Structure formats: C-alpha cells, structure tokens
Amino acid sequence: MASVTDVPTHEAFMWPIIERLKAHGRSMSIAEMVEDVSQHMGLSDDVLTVRVGKFNELAVAQRMGFARSWLKLAGALDNSQRGVWTLTPKGAEMTPADVAEAIKQVQRTYVRKTKTPAGDGPDIGPVAAEEAAGDWKDQLMAQLLALDPAAFERLSQRLLREYGFIKVEVTGKSGDGGIDGTGVLRVNLLSFHVLFQCKRYSGSVGAGAVRDFRGAMVGRTDKGLIITTGTFTADARREATRDGAPAIDLVDGDALCDLLKDRGLGVTVRMVEEVTVNEAAFADF
C-alpha cells in the first residue's frame, strides 16, 4: 500500500506537465492532465489513490495543482475559467534547466516560510488561491463519500434527470452485473436507453469492472454510464472505448463535482459584480 511519501513532490511534476502539454497541442484540462502526466510518469494505481488533508484530496491531483500554480507564477502556464491550462510561448521554450531555475525564482519571490499541514505542499500566498478554488471539490467529495450507497444512487438519479434523462429508475438488484439503474436520454428526435452504475468509494475503478458492466449490458442496451466518486485507471479508460465493443461513458469524482456544480445540486455559486466607471465616456457630454 502506497503512502504520501511515495507521491512525487510538486516540483517533480513541473517538467512532465510542460512535456505533456507540448505533446497535446499545448492545452489540457485538469482531468486530462492528471491522467496523462500520471501515466507518462509511470505512477502506480496505489500511488494514484493516496489521499491527504482534511478533505481527503487525492495527493497526486493536489501536488499537480501546486505545480501548475508555480509554473503560472513563472510565466509558463495560463488557465481559463473552465479549467483548461495552456502552455505560454515562454513555457514552450523552457528546458528542464529553465524549470529548475523557475523553481528557485518562485521560492525566492513567493513562497512563504510556513508550510501547509502534513507537508502536503507549500503556501504560495495569493496565487495559491487559484488552486484553492478546488477546495470546494474536496469539501463536496467529503460529503459524497459520507453518503450511504442508496443515497448516492438517488443523487445520481437526480443528476441524470437534471441533464435531460427521463424514466430514470434505480434498480439496485443484487446479481445484476453491477447495474444500478436505467434511464432514457432523449436527444432531439432520438432516444437512447442507458444503463448506469454508481460506485461511491475513494479508490480507482479498474478495467475488470468496466468489462463486467459491459457484459451485463449485452442484449439490453448499447449505452452505458459509470459514475464514481473515485478515479478510473488508465486501463479502465482504454477498456471503456475499446474498438469493437460498445463504448461506456465514465464520470469520475472530479467530473461529478463539476456536474453537480453546473446543476446547483448541493453547490451554491455566488457571482461577484464588478462595476467600473469609464471616465472617457463622459468626455462626449
């Protein structure tokens, strides 16, 4: 069983993040980055499931978050409000030596003398607030993990309805190949019968679970959906889209939090109004 000491430091993620951004057209979402960089670095499933902090956050995701913040401070990365991170022209020209120098520069300029509890990562002041915005996901995940399985199934049922599914039923039958419910998704003139599975736990869903779920789908539908509070292994994601087999859509914990936020289920978003006076406009009067 891996521990937090087996997880690479945030500094160790910085150059691989730049490498993989270059390999993916200089932009990636956070979820794509966590999966791709972890695979590139050869991190084991045990390491990927290590959690830290009071909100039980995945250590790898947390440390990549700090790495992104440091790279942004160094001018190598930028990000949009939708969580897409891009490589700047400066970042595209960086070498491993440049990244090592950037680490020293950020340490000299921004890093406070204090550390966060349990050595989870450095406190880098105001800029860390960007990654701290992800704390709401940690809080939400703690709530989701505290739900009993039946409550999580009902929440998933509600979420599917919010996204346009009809006739959503939670079956929860034992010995049903892991199928927890059914629903119908109507898209314009077409309707799709969908079977779904809900997995409420903090570990990783492997390829075997995806294969078993697909086996239970045979003869019943061509559309399947697995929702989990955890993560999916790289093998599981490959199995879900394997050639010649019905594709299965996967929703991991990070994506689930975004979906709940989008539909306002247990998450409240407060918009702050910013008013600016345009002094030049008064010159025309």
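The values are calculated or read from the model by the stated rules, or taken from the named source; none is laboratory data. Computed from a predicted model, the values in this text were never measured in an experiment. Virtual Cβ from ideal backbone geometry, glycine too; neighbours counted across all protein chains shown. Heavy atoms of the whole protein, side chains included, go into the accessibility calculation; ligands, DNA and RNA do not. Shrake-Rupley method; radii C 1.70, N 1.55, O 1.52, S 1.80 Å.
Hey, can you find the accessible area per residue of the range 1-81 for me, probe 1.4 Å, expressed in square angstrom?
For the range 1-81, the solvent-accessible area averages 44 Å² per residue.
Keeping all protein chains in place and using 1.4 angstrom, which order do T88, T95 fall into by accessible surface area, from largest down?
T95, T88
When volume of the Cα convex hull per residue in Å³ is calculated directly from the model, which label among (1) 197; (2) 129; (3) 158 fits?
(1)
With +1 assigned to the C-beta of every Lys and Arg and -1 to the C-beta of every Asp and Glu, and no other charges, what is the dipole magnitude of the chain about the Cα centre in debye, to the nearest 20?
Around 440 debye, computed over the chain.
Could you pull out every one of the aspartates and glutamates with an alpha carbon less than 20 Å from that of K167, ignoring same-chain neighbours closer than 8 positions?
E153, D176, D180, D222, D249
Put +1 on the Cβ of each Lys and Arg and -1 on the Cβ of each Asp and Glu in the range 4-88; which of L48, T88, I30 then has its Cα farthest toward the positive end of the dipole?
So the residue furthest toward the plus end is T88.
How do K90, K72, K22 rank by accessible surface area computed with a 1.4 Å probe, from largest to smallest?
K90, K22, K72
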